[in-house]
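Nothing in this text is a laboratory measurement; each read-out follows from the coordinates by a stated rule. Everything quoted here is computed from the prediction, not taken from an experiment. Here the Cβ positions follow ideal geometry from the backbone for every residue, glycine too, while neighbour counts run over all protein chains shown.
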């Protein structure tokens with residue numbers, strides 16, 4: 001069974017990532033806006049997948065993503081914005097890859 005709503009939010013997230021590439025740092029506030037949209041949609045996708053599939057991996061990924069951003073906002077450490085970005089993208093990639101591998105195994109490996 002596929003995750004309809006997580007798929008929709010993940011597609012929107014992927015589109016917003018393309019906008020981040022189109023509107024790079026030279027575009028200032030526009031880049032900031034599309035970057036924020038990407039990370040908000042990525043968080044939304046992770047939470048939606050965790051709920052739809054009752055996925056512990058996605059739930060843990062969501063907590064890591066939120067923790068990375070909260071740590072940055074409350075200045076728990078002294079580093080640039082790239083740190084929570086890479087942490088949250090890596091955490092999301094874990095559940096996305098897990099879901100993809102799980103789907104492929106169900107399709108191509110006999111039960």
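Among the residues of the range 86-111, those that are without any contact (Cβ under 8 Å) to a residue 12 or more places away in the chain and in contact with a helix residue (DSSP H, G or I) (Cβ under 9 Å, 6 or more places away or on another chain) comprise 86, 90, 93.
Filtered by the rule that a residue be closer than 19 Å to residue 41 by Cβ and surrounded by 11 or more Cβ atoms within 10 Å (Cβ to Cβ), the range 66-80 gives 66, 67, 68, 69, 70, 72. Taken as a whole, the condition of being surrounded by 11 or more Cβ atoms within 10 Å (Cβ to Cβ) and without any contact (Cβ under 8 Å) to a residue 24 or more places away in the chain applies to residue 83.
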